[in-house]
């Protein structure tokens with residue numbers, strides 16, 4: 001009985017310890033025509049599972065699986081800035097043309113989520129809501145459902 005209690009206690013303790021992951025260096029060569037350097041948000045983001053890169057170049061979004069040699073553009077993202085991933089890595093939210101939008105990493109049409117004025121950044125929560133600063137002048141945050149709609153201020 002004592003051995004069973006000891007093994008169970010060790011298993012519970014072990015499960016609560018943080019998993020140590022090795023440091024990984026990422027070196028990715030982008031096309032020489034890629035132009036990074038946005039003054040509004042992140043230019044380059046890495047998917048939550050580390051398998052895909054999305055970046056803003058020439059004010060549009062491009063995506064590249066890290067096991068593939070070439071990037072592809074995400075059509076319909078003209079004017080994009082400040083992208084951020086969904087928790088599952090299947091969607092990218094971004095600001096463009098006064099809107100907060102999302103697009104599948106596999107492509108397709110960009111979907112308008114809400115008006116965003118001069119949005120300055122956001123994060124996509126595990127609960128399916130996006131938290132975003134939709135207007136740089138008021139400094140407030142808004143919660144936007146992943147399906148879109150008028151956001152109430154937080």
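The values are calculated or read from the model by the stated rules, or taken from the named source; none is laboratory data. Given the structure is predicted, the values throughout are model-derived calculations rather than measurements. Cβ atoms come from the backbone with ideal geometry, glycine included; neighbour counts cover every protein chain shown.
Here are a few things to note about the model shown:
- Residue within the range 142-152 that is at pLDDT 85 or above, within 19 Å of residue 44 (Cβ to Cβ), surrounded by 15 or more Cβ atoms within 10 Å (Cβ to Cβ) and touching a strand residue (DSSP E or B) at 6+ places or on another chain (Cβ under 8 Å) present: no
- Unmet criterion (only one of (1) under 16 Å from residue 61 (Cα atoms); (2) part of a loop (DSSP other than H, G, I, E, B); (3) in contact (Cβ under 8 Å) with a residue 40 or more places away in the chain) for residue 83: (2)
- From 139, 108, 119, residue being assigned to a loop (DSSP other than H, G, I, E, B), closer than 23 Å to residue 58 by Cα and at pLDDT below 90: 119
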